[in-house]
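Let me begin by presenting the structure, written as structure tokens, before commenting on it.
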Amino acid sequence: MDIANGAALPDRDTLLDWYRQMVLIREFEETCYDLYEEKRITGVYLHLYSGQEAVGVGALAAIEPRDHAITAYRDHGVALARGVDPGPLMAEMMGKRSGVSGGKGGSMHLASREHNFWGGFAIVGGHLPLAAGIALEAQYSGRDDVVLCFVGDGSSNNGYFHEALNLSAVWRLPVVWLIENNLYGMGTHIDEASGQPLLHKRALAYGMRDGGRIDGQDVVAVNGALDEAVAHARGEGPVLLEALTYRYRGHGVSDRQYNVRLKDELEEWKAERDPITRLGACLEEAHPDSRPAMSALEQAARDQVLAAVKFAEESPAPDADDLVRNVYVE
Amino acid sequence: MAARNQPMREALRKALREEMLRDERVFVMGEEVGKWQGTHRITRGLYEEFGDRRVRDTPISEMAICGAAVGAAMAGLRPVAEMMTINFAFLALDAIVNHAAKIRYMFDGQFSVPLVFRAASGWGDQATASHSHAPEPIFAHFPGLYVAAPATPGDAYGMLKTAIRDENPVLFSESIALYPKPGPVPDDEDHLVPVGKGTIRREGADVTLVAWARGVEWSLQAAGQLEREGVNCEVVDMRWLRPLDMDLVYDSFRKTNRCVIVEESLPMYSFGSEIAAGIQENMFDHMDAPVKRVSAMDLPLPYARDIELMALPDADKVVAAVKEIV
């Protein structure tokens, strides 16, 4: 399956940079999976982004460093695409003091204030009004920053979604609401959970710009749609759009039946729509000399993730002082 | 210090207005806070003075009001979000408890959440079960949040200023029944009541009455009545349900060796339970009598006036409880 659907392709360096980010995310996530199987990452929550890389990478490439990103608990890919160092991210998975959240947040609560990456939130829909509030601060302060809020398809059916989107429309807040529709809220298919499974159509109900449904496995298409959405949000107000995507792992690592239950569907998505394979093919077609560069990026991703694991495993655990620190601003 | 006699409602409005003048980052948001002038008139005149950027009417969306306040606070503003009544804060419990209270800890100090959730609280005139709560202890259950509950106009003024200036999230409970009651309000724009500090409303040597908000009023009435019968009560107004000024309770208890806890809220897993547990753990050698509690009855509140009042604490019930232990 081609990508970009005839749209103008970004230059080779841009495509290679997206490739770099996507293979880094895939490598990071699959390593997390293996580490969990080996009990080197513990706990009960680990929600992997494998399969959805084009959404995070394509979308975040459309915003500036001064803009803001916020997401739910499937947050590793967004953190990496926002430029957060894999070492402190891996350390957070392992509950180490050198983790981005000091080992107190875990996989679901990654954040990096300096990257304007506001987290990593674990209550479905809970971060949506936070996104509205962060956008309100920008508007209130007279800046034109925008907030890119990643929204799981599952959260489109709880009250937070309705209240936050409506508020953003009433106040014309600069938010891009990007639904990552991976078809399943835990195990329930979107067709069984939504009266209107074309989730972007909800925009009509709020009187906001409908950015449509885009192919979330096509990084170029995602980026193009987000460029438009961000420009609209920056000037005029909120936008809702939907990227159709697919996750290769279960809802979380504790979802052990996923690969059995959805074997055929999963294999089809992997074989025909994999976002990394598609970007690679696109690069080779447009720039036939790209294969060595891509191979080098794949190797660099493996090296980087290995270094991150080493950094994390060699870091100390938090101690009793850390346990009681930062409940309040003292 | 010079002071003016004002109802609590006016003291709160004065504090809000002065803090908005003092700090551009402070703004008000909530249902009917602007053009309507506030359901309880706390924000009266602010919309006209500050405009719709800083006095923001919202849809009836408690989750979004509280959640957007959290986001705005993380990003550097100082929101004062109004819950028309504290009963509606139940709709936003997740935004308050899982987000406002925990974000600083969860991200190990990367963010602070300097905001105030103001909420009108307490049972009203036949407001019925779902609109008749004093649920402050529920919020005080959670570390990461402060809970304020002033009993006087002067404290309402100073505590709201403290809450707005503090770097932490504060659930600020305002007793609807106390809104119209007057008291001295200091003429001092920097009058602050420190977080977590209670105060002695009345000194006495025989029994310690520990209360907050309306409970203070019932305790003072009871103390006046008991004085005529030769029982001298000390009235401790906790003012903050979190942090809880147990040292103040213990200092009083060392003197009186007896305690009655007075609360408008329900008895199970309550303010009273907490204070009583603290006393038995730490003051066992000073105890001359069981610790008594006066609370609302363990019921949803009914409509009919004849039975509504039976379910609630009052000064007579405080007097009766004191008499059981002296």
## Note on the structure
Rounded to the nearest Å, the spacing of the alpha-carbon centers of the range B:278-326 and the range A:163-201 is 49 Å
### Rounded, prolate or oblate (a/c below 1.5 giving rounded, otherwise prolate when a/b exceeds b/c) for the range B:3-186 by Cα gyration tensor
rounded
### Task
Return the Rg/Rh value of the protein assembly as shown, two decimal places, where both radii are evaluated on C-alpha atoms and Rh is the Kirkwood radius.
1.05
## Note on the structure
From the Cα centre of the range B:186-202 to that of the range B:44-78, the distance in Å is 26 Å
### chain B, relative contact order in percent, only Cα pairs under 8 angstrom and at least six apart counted
16 percent
#### Entry: Per-selection Rg to Rh, chain A - Cα, Kirkwood hydrodynamic radius
0.95
### Relative contact order computed over the range B:199-325 (Cα-Cα under 8 Å; 6+ residues apart), in percent
28 percent
### Task
Have a look at A:Asp218, A:Asp75, A:Asp210 and tell me which one the Gaussian network model of chain A (Cα, springs below 10 Å) gives the largest fluctuation.
A:Asp210
### Task
For peptide A:100-106, compute the average count of partner chain beta-carbon atoms within 10 Å of each residue's beta-carbon.
4
### Query
Listed highest first by mean packing, meaning other Cβ atoms within 10 Å per residue, what order do A:311-323, B:313-325, A:128-140, A:59-71 come in?
A:128-140, A:59-71, B:313-325, A:311-323
### Task
Give the long-range amide H neighbours of B:Ala3: residues separated by 5 or more places, or on another chain, with amide H under 5 Å away, using H modelled in the peptide plane at 1.01 Å from N.
B:Asp187
### Three-way shape call for the range A:187-289 based on the alpha-carbon gyration tensor, with the a/c threshold at 1.5
oblate
### Query
Once both labels are modelled 7 Å past Cα along the beta-carbon direction, what's the B:Lys35-A:Lys270 spacing in nm?
5.8 nm
### Contact order relative to length of the range A:38-137, as percent, for alpha carbon pairs under 8 angstrom and 6 or more apart
28 percent
### Summary
When chain B is treated as a Gaussian network with springs between alpha carbons less than 10 Å apart, the largest mean-square fluctuation among B:Met238, B:Met310, B:Met63 is found at B:Met310
### Task
Using packing as a proxy for protection, rank B:125-134, B:295-304 so that the peptide with the highest average count of other Cβ atoms within 10 Å comes first.
B:125-134, B:295-304
#### Entry: Ranked packing of A:263-270, B:69-76, B:162-169, most packed first, by mean Cβ within 10 Å
B:69-76, B:162-169, A:263-270
### Query
Under the definition of partner shielding as Cβ atoms of other protein chains within 10 Å of a residue Cβ, what is the mean value for peptide B:52-65?
5
#### Entry: Span-like helix ranges in chain A, DSSP H, alpha carbon extent 18 angstrom or more, Kyte mean at least 0.0
A:127-140, A:219-235
### Query
Using a simple charge model, +1 on the beta-carbon of Lys and Arg, -1 on the beta-carbon of Asp and Glu, nothing else, what dipole does chain A show about its Cα centre, in debye to the nearest 20?
640 debye
### Summary
Row for chain B, column shape: gyration tensor on C-alpha, a ≥ b ≥ c, rounded if a/c < 1.5 i.e. under 1.5, prolate if a/b over b/c, else oblate; value prolate
### Message
Taking amide H atoms as placed 1.01 Å from N in the peptide plane, list the residues 5 or more away in sequence, or in a different chain, whose amide H sits under 5 Å from that of B:Cys259.
### Response
B:Thr208, B:Lys292
### Task
Sort out for me the Cα centre separation of the range A:15-85 from the range A:104-144, rounded to whole Å.
17 Å
### Query
How many partner chain Cβ atoms sit within 10 Å of a residue's Cβ in peptide A:137-145, on average, as a whole number?
4
### Query
Using a cut-off of 23 Å between alpha-carbon atoms, which lysines can reach A:Lys104, once sequence neighbours fewer than 8 places away in the same chain are excluded?
A:Lys39, A:Lys96, A:Lys310, B:Lys102
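Read the figures in this text as sums done on the coordinates, not as results from a lab. The structure displayed is predicted, hence computed values, not measured ones. Quick reminder, even Gly has a Cβ in these numbers, built from the backbone with ideal geometry, and neighbours come from all protein chains shown.
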